[in-house]
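What follows is a short report on a single structure.
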Ligand SMILES: [Zn+2]
């Protein structure tokens with residue numbers, strides 16, 4: 001794992017020209033269904049930076065039986081939540097690794113106002129502060145993206161009854177298998193998730209909005225490429241980068 005990271009650094013750290021764009025720490029936000037995962041992956045590839053996901057960090061620490069991982073194991077065995085402090089420590093440790101120098105994409109962190117403040121303190125000496133980019137898609141469209149989703153159990157093709165319907169209702173174009181819908185791709189589950197997302201991120205968004213020039217929204221209802229382009233342009237603007 002470590003080895004791999006170092007080799008990635010080697011590739012993305014040629015002696016850089018002074019004009020090279022430094023993305024710095026980027027917090028990508030978005031409700032379920034906006035395509036955050038796809039965009040995160042694009043940004044990683046485009047800028048050669050890693051994604052730091054607290055879910056992945058926790059899994060890695062537990063798997064490798066690190067001191068932090070074992071503390072998390074103990075708490076979880078008692079049915080307790082992993083506290084912010086412990087997650088913060090995992091993040092702090094991850095940020096000391098060399099592949100984070102040019103920037104990284106934060107996923108699932110900071111989740112609270114406290115974590116956002118903690119992270120700013122942590123990065124007080126870094127050249128670039130965290131910027132937050134929220135991918136926004138109208139609720140109606142998100143609802144259709146999720147509740148319209150059908151997949152083929154045989155070949156895995158994904159359809160959408162609103163935007164990419166199969167030729168015949170509920171039947172796969174390829175081999176005619178009956179398409180299935182995931183049990184939690186329903187309207188009530190969707191609204192529950194939206195509510196959870198909004199209540200979770202409102203304070204974090206407010207924080208970056210209040211701390212000048214560190215928050216932006218991009219329209220996520222256009223094509224994957226167009227969303228990526230507008231995230232890139234947004235980062236250039238937030239970082240006051242004029243390009244090469
Ligand atoms: Zn099929």
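No value in this document is a laboratory result; all are computed from the given coordinates. Since we're looking at a predicted model, the values are computed, not measured. Neighbour counts are summed over all protein chains in view; Cβ atoms, including those assigned to glycine, are modelled from backbone coordinates with ideal geometry.
Mind checking the alpha-carbon convex hull of the range 62-184 and giving the volume per residue in Å³?
204
Can you tell me the orientation of helix 67-77 relative to the chain, as the angle in degrees between its alpha-carbon axis and the longest Cα principal axis, to the nearest 10?
In the chain, helix 67-77 runs at an angle near 40 degrees to the longest axis.
Taking a quarter of the surface of the convex hull around the Cα atoms of the range 143-208, what do you get in nm²?
5.5
How much of the DSSP beta bridge set in the chain is antiparallel, as a percent to the nearest 5?
30
Which peptide among 96-108, 199-211 comes first, and what is the full order, when sorted by highest mean count of other Cβ atoms within 10 Å?
96-108, 199-211
Once the piece of chain linking residue 217 and residue 89 is laid out straight, how much longer is it, given 0.36 nm per residue of separation minus the C-alpha distance between them?
43.2 nm
For the range 43-123, report the convex hull volume of the alpha-carbon atoms normalised per residue, in Å³, without decimals.
Normalising the Cα hull of the range 43-123 by residue number yields 97 Å³.
For the range 109-244, restrict the atom set to alpha-carbon positions and state the Rg and Dmax in Å.
19.6, 59
So what is log10(I(q)/I(0)) for the range 90-142 at q = 0.14 1/Å, when the Debye sum runs over its Cα atoms only?
-0.45
Out of every Cα pair in the chain, what percent are spaced more than 27 Å from each other?
Every Cα pair in the chain considered, those over 27 Å come to 46 percent.
Say R0 is 45 Å: what FRET efficiency, to the nearest 0.05, do residue 242 and residue 192 get from their beta-carbon distance?
Rounded to the nearest 0.05, the efficiency is 0.55.
What list of whole percents do you get for P(r) of the range 192-244, with Cα-Cα distances grouped in 10 Å bins up to the one holding the largest distance?
Per 10 Å bin, starting at 0, the Cα pair percentages come out as 21, 38, 35, 5, 0.
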